[in-house]
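Trainee: Below you'll find the structure I mean.
The values are calculated or read from the model by the stated rules, or taken from the named source; none is laboratory data. If you're wondering where the values come from, they're calculated on a predicted model, not measured in any experiment. Note that we place each Cβ from the backbone using ideal geometry, even for glycine, and neighbour counts take in every protein chain shown.
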Amino acid sequence: MTKQSLIIFNLPALFDILNEIKENFNFDLYNFNKKKDLDQINESSHGNFLIVASSGNKDNFLKNVLVIDNLPLKVNEIVEKININLLKKKFNNQLEIKINDFELDINSRTISNNGKKLKLTEREIEIILYLNNSKESQSIDKLQKEVWGHNNDLETHTVETHIYRLRKKISENFENNDFIISTKNGYKLS
């Protein structure tokens, strides 16, 4: 399971309350009071994180903020809001995948780079995901079996045709001819 962190920013009373019942949570709890401490938060150290702040402090953050105002609120309402926001963020993180300089959005079936977006088919997404999860080049037979579910003894050029069209779309839209590379063993992402 991915690590989850809740960072309370400049709300000491809320931190004290949550800290008393933290053994009931499925996230780590942190208390920060200085903006410079927030600059060091990242997903590699804090995992899926959410920052809780008041509306007076929300401008200190670019993303991952849950604004808590209209206090007092019941503790269970606050915890429910926190859990919902952590789940949403986790779900969104699973849908957006960084591949080199590209962002692959599985939900909208788009790939983007430098402000440009390209709509992809479901099969193109599957090809990219399979190649992205592979460390080595993947043979046509392997792609045919794993992505299409075909047996190796079928004589078809389906894989080559799809790869050719996908490379052409990426080349025309992003001026990138090296996204998918042909090797002597098959295909891989650059």
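Trainee: Among the residues of region 124-138, is any part of a strand (DSSP E or B) and assigned by TED's automatic domain parsing to the domain that holds Ile41?
Mentor: Checked region 124-138: no residue is part of a strand (DSSP E or B) and assigned by TED's automatic domain parsing to the domain that holds Ile41.
Trainee: Follow-up question, since we're still on this one. Just one of (1) of a type outside the set (Phe, Trp, Tyr); (2) free of Cβ contacts under 8 Å to residues at least 12 places away in the same chain; (3) under 21 Å from Leu95 (Cα atoms); (4) not in a strand (DSSP E or B) trips up Lys168, so point out which.
Mentor: Condition not satisfied by Lys168: (3).
Trainee: Do you know which residues across region 156-189 are among the polar types (S, T, N, Q), surrounded by 11 or more Cβ atoms within 10 Å (Cβ to Cβ) and either modelled with pLDDT of 90 or more or not assigned by TED's automatic domain parsing to the domain that holds Asn114 (or both)? Full working, then the answer.
Mentor: Filtering region 156-189 for residues among the polar types (S, T, N, Q) gives 156, 158, 161, 171, 173, 176-177, 182-183, 185.
Now narrow it down to the ones that are surrounded by 11 or more Cβ atoms within 10 Å (Cβ to Cβ): 156, 158, 171, 173, 176-177, 182-183, 185.
Once the filter is applied, which keeps residues that are among the polar types (S, T, N, Q), surrounded by 11 or more Cβ atoms within 10 Å (Cβ to Cβ) and either modelled with pLDDT of 90 or more or not assigned by TED's automatic domain parsing to the domain that holds Asn114 (or both), region 156-189 yields Ser171, Asn173, Asn176, Asn177, Ser182, Thr183.
Trainee: Which count do you get for residues in region 64-78 that are of a type outside the set (S, T, N, Q) and either touching a strand residue (DSSP E or B) at 6+ places or on another chain (Cβ under 9 Å) or not assigned by TED's automatic domain parsing to the domain that holds Gln40 (or both)?
Mentor: Looking only at that region, the number is 5.
Trainee: Also, quick follow-up: Among the residues of region 121-143, is there at least one that is more than 30 Å from Glu43 (Cβ to Cβ) and in contact with an Asp or Glu (Cβ under 7 Å, 6 or more places away or on another chain)?
Mentor: yes
Trainee: Among the listed residues Asp153, Asp69, identify the single one that is within 24 Å of Lys22 (Cα to Cα), modelled with pLDDT under 85 and charged (D, E, K, R).
Mentor: Criteria check complete, one pass: Asp69.
Trainee: Moving on. Go through (1) in contact (Cβ under 8 Å) with a residue 24 or more places away in the chain; (2) under 18 Å from the mean Cα position of the chain (by Cα); (3) assigned to a helix (DSSP H, G or I) and name the single condition Leu104 misses.
Mentor: (3)
Trainee: Please determine whether any residue of region 14-23 is within 26 Å of Asn107 (Cβ to Cβ) and either free of Cβ contacts under 8 Å to residues at least 60 places away in the same chain or among the hydroxyl-bearing types (Ser, Thr, Tyr) (or both).
Mentor: no
Trainee: Return the total of residues in region 1-54 being surrounded by 11 or more Cβ atoms within 10 Å (Cβ to Cβ) and of a type in the set (Ser, Thr, Tyr).
Mentor: Residues meeting the conditions: 3.
Matching residues to (1) of a type in the set (Val, Ile, Thr); (2) modelled with pLDDT under 80; (3) touching a Lys or Arg at 6+ places or on another chain (Cβ under 8 Å); (4) closer than 30 Å to Glu126 by Cβ:
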| site | (1), (2), (3), (4) |
| --- | --- |
| Asn31 | no, no, no, no |
| Asp59 | no, yes, no, no |
| Lys74 | no, no, no, no |
| Asn100 | no, no, no, yes |
